[in-house]
Amino acid sequence: MAARDLESTVDTMCSELGLTVCFRDPGVAEFGLENALFCVGDQFIEIVSPIAQNSAAGRLLDRRHADATAYMVMFEVDDLDDRMAKLTEGHVRNVWSGDYPSIRGRHLHPGDIGGAIVSLDQTDPPGSWLWGGPTWTAHADNSVVTSIAGYTIAAEDPKAVTTLWSLFGLLHGVTFVEGTTSTIDLTATDRTDVGRTIALEQITLRLV
């Protein structure tokens, strides 16, 4: 997600969901951002916040008149080159590439795919996640939530975006709806906690 006030959003995530920041990646300064990452089970939630003029996240927040909103979906894949070849054939642009010994990542142009920026990442070994920092541990903070169950993203034309994501094999754990509010579903550890929500303006965290 993108948020104007990083530390306030971090405090909410920690106090409401029992999470701790596993990494702050100095590399996102390349995009005019600062960030904080949380490991949820063996998945991640990342909050990015603009620190420079004209960053993509800052423009998005301005465009949506928001202090917090949906920003990106990141998928771990085992067939990055094949996927990128099909996306290129479909005239979907790659706007960023990162290649490291343990991970290769590609960001897709949101204007071509709709809904959100998509990051496709292939890891070596599978299940590792360099973007989460060198010391993260899976299932370290599971007192309140144990996994990300799904991401419902607000889009101007949800039917068209759904069609595109389905066409390119991206419709995994993601749905699109009209409106301005997106929802991240998180699996509740305590089943009596199911249904509780935490509002972060245009993002709702919902325990399921």
Out of all the residues in region 68-89, is one or more farther than 19 Å from Val10 by Cα, basic (Lys, Arg) and without any contact (Cβ under 8 Å) to a residue 12 or more places away in the chain? no
For Leu108, indicate whether it is among the hydrophobic types (A, V, I, L, M, F, W, C), surrounded by 20 or more Cβ atoms within 10 Å (Cβ to Cβ) and farther than 30 Å from Arg196 by Cβ. yes
Can you confirm whether Arg93 is more than 17 Å from the chain's Cα centre (by Cα), basic (Lys, Arg) and more than 21 Å from Ser128 (Cα to Cα)? yes
Filter region 146-163 for residues that are over 15 Å from Ala70 (Cα atoms) and in contact (Cβ under 8 Å) with a residue 60 or more places away in the chain; the one that is nearest to the chain's Cα centre (by Cα) is Ser147
Filter region 144-199 down to the residues that are in a loop (DSSP other than H, G, I, E, B) and either more than 22 Å from Arg93 (Cα to Cα) or among the basic types (Lys, Arg) (or both) and list them by number. Val144, Gly173, Glu178, Gly179, Thr180, Thr181, Thr189, Asp190, Val194, Gly195, Arg196
With respect to Gly98, is the statement that it is among the small types (Gly, Ala, Ser) and in a strand (DSSP E or B) true? yes
Considering (1) without any contact (Cβ under 8 Å) to a residue 24 or more places away in the chain; (2) crowded, with 16+ Cβ neighbours inside 10 Å; (3) not charged (D, E, K, R), say which one Phe31 fails and leave the rest. (1)
Of the conditions (1) in contact with a Gly (Cβ under 9 Å, 6 or more places away or on another chain); (2) surrounded by fewer than 20 Cβ atoms within 10 Å (Cβ to Cβ), Glu201 clears all except one; give me its number. (1)
Identify, please: which residue in region 10-23 is touching a residue at least 60 places away in the same chain (Cβ under 8 Å) and either more than 21 Å from Val208 (Cβ to Cβ) or in contact with a helix residue (DSSP H, G or I) (Cβ under 8 Å, 6 or more places away or on another chain) (or both) and is, among those, surrounded by the fewest Cβ atoms within 10 Å (Cβ to Cβ)? Thr20
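Any read-out appearing in this document is the output of simple, stated calculations on the displayed coordinates, not a laboratory observation. Fair warning: this is a prediction, and the values are worked out from it, not measured in the lab. Methodologically, a virtual Cβ is constructed for each residue, glycine included, from the backbone with ideal geometry; neighbour enumeration extends over all protein chains shown.
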